[in-house]
1. Restricting the search to the range 32-48, which residues are assigned to a helix (DSSP H, G or I) and within 11 Å of Ile77 (Cβ to Cβ)?
2. With the requirement that a residue be exposed (fewer than 14 other Cβ atoms within 10 Å of the Cβ), more than 21 Å from Pro27 (Cα to Cα) and not charged (D, E, K, R), what does the range 39-93 give you?
3. Take the range 57-72 and flag every residue that is touching a residue at least 24 places away in the same chain (Cβ under 8 Å) and either part of a helix (DSSP H, G or I) or among the aliphatic types (A, V, I, L, M) (or both).
4. Considering the range 74-93 alone, what residues qualify as being within 19 Å of Pro56 (Cα to Cα), without any contact (Cβ under 8 Å) to a residue 40 or more places away in the chain and out of contact with any Pro (no Cβ under 7 Å at 6 or more places or on another chain)?
Amino acid sequence: MVGQNVRGEGLAGAWGRDRRETMWEEPYLETCCRSTLHRLLLCGDAGRPTGLRDQPCLERLERMGFVRLREDGRFVITDAGMTRHRLEIGPTG
């Protein structure tokens, strides 16, 4: 039930109403991590190398299962990352 609140609605359903009672079931993504996730989507199969300024976000996203580090040392977005991108950031394709 990724991207659903306790009422079973996504972000669009919760938008525009009083959300003080809304509890999301997944960890919050900081703005920097959402930006990093979007950059990974834009990179496609090329991925992002290690050692860049967004390394802490890449590592956090990896721990959350949204990206993976390939053997060649580049991060790529996972299926779970694509789903999270669609829910929080926008369309993926």
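1. Thr36, Leu37, His38, Arg39, Leu40, Leu41, Leu42, Cys43, Gly44, Asp45
2. Leu42, Gly44, Ala46, Pro49, Thr50, Gly51, Leu52, Gly73, Gly93 - these are the residues of the range 39-93 that are exposed (fewer than 14 other Cβ atoms within 10 Å of the Cβ), more than 21 Å from Pro27 (Cα to Cα) and not charged (D, E, K, R).
3. Across the range 57-72, the qualifying residues are Cys57, Arg60, Leu61, Met64, Val67.
4. Hits for the range 74-93 are Phe75, Val76, Thr78.
Here, each number is a calculation from the coordinates, and none is a lab measurement. Because the structure is a prediction, the values reported are computed rather than measured. All Cβ positions, glycine included, derive from the backbone under ideal geometry; neighbour counts span all protein chains shown.
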